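Novice: Below you will find the structure I want to go over with you.
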Amino acid sequence: MSSVLPVYRRSNIVIARGEGVYLFSTEGVRYLDFAAGIAVNALGHCHPHVVAALKSQADTLWHCSNMYRMEGLERLADRFVERSFADKVFFCNSGTEAVECGLKMLRKYHDATGNPQRYRVITMEGGFHGRTLACISAGGNDIARKGYEPLVDGFDRVPFNNLEAVKAAIGPQTAAILVEPVQGEGGIHVATKEFLQGVRKLADQHGLLLYLDEVQCGLGRTGAWFAHEHYGITPDIMSVAKGIGNGFPLGACFATEKAAQGMVPGSHGSTYGSNPLAMAVGNAVMDVMSESGFLEQVNKVAMTLKTGLQSLQQSFPQILREVRGMGLMLGVQLGVPAMEMVERLRSRKLLVTAAEGDVLRIVPPLIIEETHVQEALAVMSGVCKEWQ
Ligand SMILES: *Cc1c(COP(=O)(O)O)cnc(C)c1O
């Protein structure tokens, strides 16, 4: 442990393996995993279809570079174009890289359309977009930024869900508006319909691009393929990652033909991006999520979980202040320290994670069933009773 760069506060349990919605420690203790590697293991651990796809690809081809055409890449891009607003997809290896691709693309768009002075991006307080210098500069988290100055210039932060503030921040150098439809790290804050539809309209009126970061809330997490579908709008650019690879490093930047027009050979790239292993996994995840009834089941089980949390909230209003979120991206505003709650739940074999502002973040695998929901609610109820 002492040789590992200490940028994470790790719990002392050592995870040995995972199966479905459960994780097992080296000591053989079984945990119900409602953290899912922070909204990553959408299909749970070691989903047989995804494992089979990865194993078969491992025997065939790992890497050949983007110098060549690849079937898995073209197939996955085509499938996402069919499933979304996008005309073009770029694959990379993480959420941060997906966000960075979009940040570059939005500058390139304005450069290519004769407005190189437009480079500034309006971002949200409480936003999280990853860990590169540009991404921490775009994000709203001061701890993530501390000591890394000078930051990347070109980000104007405004309060989330405040349309007037966005309007007031638009100037001659503004290029785009960057929003998470549901803020994850920031504490599970859901964009209002009025806000997201409003920023779409503002972007159109002022010739700006609307850039949605769906790294956490995309890919079925909110009960729709992409969170913006709940709002009846589409973005110009969107970043996704987390659930798309189910744990295999994979991210993607989606764009309309118009927004992508500046991106030409040489303007962006990635050695590992769209490598055959990642594409095999992405296609396999897509197979499962496309099965009929998959999202219906997510919505059904999510309703049970949310209703159960709300009724727990009413029983323990001092401990559980408010339940927020959409689909299986739920947050509970706590009246007690979130890390202590996480630890108490863990000692009762339920894994969840915390988000900013003492929020308990509940982002289980999308494949959970009613029994897992009841199991989790019983643990939470027990911890709340003990805490009173
Ligand atoms: C997790 C996250 C990122 C960063 O993804 P990494 O894979 O950690 O680089 C970016 N944006 C949002 C909304 C995220 O939740």
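The values are calculated or read from the model by the stated rules, or taken from the named source; none is laboratory data. As the structure is a prediction and not an experimental result, all values here were calculated from the model. Counting neighbours? That spans all protein chains shown, and the Cβs are built from the backbone with ideal geometry, glycine included.
Novice: Out of the residues in the range 16-44 meeting the condition of being of a type outside the set (D, E, K, R) and without any contact (Cβ under 8 Å) to a residue 40 or more places away in the chain, tell me which one is nearest to the ligand (Cβ to nearest atom).
Specialist: Ranking the candidates gives 18 first.
Novice: For the range 254-364, give me every one of the helices (runs of 4 or more DSSP H) that falls completely inside it and has 3 or more residues that are modelled with pLDDT of 95 or more and among the charged types (D, E, K, R).
Specialist: Those helices (runs of 4 or more DSSP H) span 294-315, 338-347.
Novice: For residues that are touching a residue at least 60 places away in the same chain (Cβ under 8 Å) and farther than 15 Å from residue 152 by Cα, tally how many sit in the range 107-117.
Specialist: So in the range 107-117, the residues touching a residue at least 60 places away in the same chain (Cβ under 8 Å) come out as 107-113, 115.
Narrowing further to those that are farther than 15 Å from residue 152 by Cα: 108-113, 115.
Going through the range 107-117 one residue at a time, the tally reaches 7.
Novice: Related question: Could you check the range 231-248 and list, in sequence order, the residues that are part of a loop (DSSP other than H, G, I, E, B) and surrounded by 18 or more Cβ atoms within 10 Å (Cβ to Cβ)?
Specialist: 233, 235, 236, 241, 245, 247
Novice: Being among the basic types (Lys, Arg), assigned to a loop (DSSP other than H, G, I, E, B) and either closer than 21 Å to residue 217 by Cα or within 15 Å of the ligand (Cβ to nearest atom) (or both) is the filter here, so list the residues in the range 109-164 that pass it. Give the derivation first.
Specialist: First pass over the range 109-164, keeping only residues among the basic types (Lys, Arg): 118, 120, 131, 145-146, 157.
Of the ones still in play, those that are also assigned to a loop (DSSP other than H, G, I, E, B) are 118, 131, 146.
Passing the criteria: only 131.
Novice: Pairs please, first residue from the range 131-143 and in the same structural domain as residue 94 (by TED's automatic domain parsing), second anywhere and assigned to a loop (DSSP other than H, G, I, E, B) and more than 8 Å from the ligand (Cβ to nearest atom), Cβ atoms under 6 Å, 6+ apart in sequence or on different chains.
Specialist: 133/152; 134/152; 137/151; 137/152; 140/125; 140/126
Novice: Further, regarding this structure: Determine whether residue 228 is more than 20 Å from the chain's Cα centre (by Cα) and either more than 17 Å from residue 121 (Cβ to Cβ) or surrounded by fewer than 24 Cβ atoms within 10 Å (Cβ to Cβ) (or both).
Specialist: Details: more than 20 Å from the chain's Cα centre (by Cα): no; either more than 17 Å from residue 121 (Cβ to Cβ) or surrounded by fewer than 24 Cβ atoms within 10 Å (Cβ to Cβ) (or both): yes.
So residue 228 fails the test.
Novice: Looking only at the range 202-246, how many residues end up being among the hydroxyl-bearing types (Ser, Thr, Tyr) and either within 15 Å of the ligand (Cβ to nearest atom) or modelled with pLDDT under 95 (or both)?
Specialist: Residues flagged as among the hydroxyl-bearing types (Ser, Thr, Tyr) and either within 15 Å of the ligand (Cβ to nearest atom) or modelled with pLDDT under 95 (or both) within the range 202-246 amount to 3.
Novice: Quickly run through the range 305-336 and pick out the residues that are surrounded by 15 or more Cβ atoms within 10 Å (Cβ to Cβ), touching a residue at least 24 places away in the same chain (Cβ under 8 Å) and closer than 15 Å to residue 381 by Cα.
Specialist: If the condition is that a residue be surrounded by 15 or more Cβ atoms within 10 Å (Cβ to Cβ), touching a residue at least 24 places away in the same chain (Cβ under 8 Å) and closer than 15 Å to residue 381 by Cα, then 305, 306, 308, 309, 312, 316, 319, 320, 332, 334, 336 are the ones that fit.
Novice: I'd like to verify a number: residues in the range 77-108 that are part of a strand (DSSP E or B) and within 16 Å of the ligand (Cβ to nearest atom), how many? Even if it seems obvious, please write down each step before you answer.
Specialist: Quick first cut of the range 77-108, residues part of a strand (DSSP E or B) only: 88-92.
Those left that are additionally within 16 Å of the ligand (Cβ to nearest atom): 90-92.
Of the residues in that region, 3 qualify.
Novice: OK, next. Look at the range 268-295 and say how many of its residues are farther than 25 Å from residue 234 by Cα and of a type in the set (S, T, N, Q).
Specialist: 3
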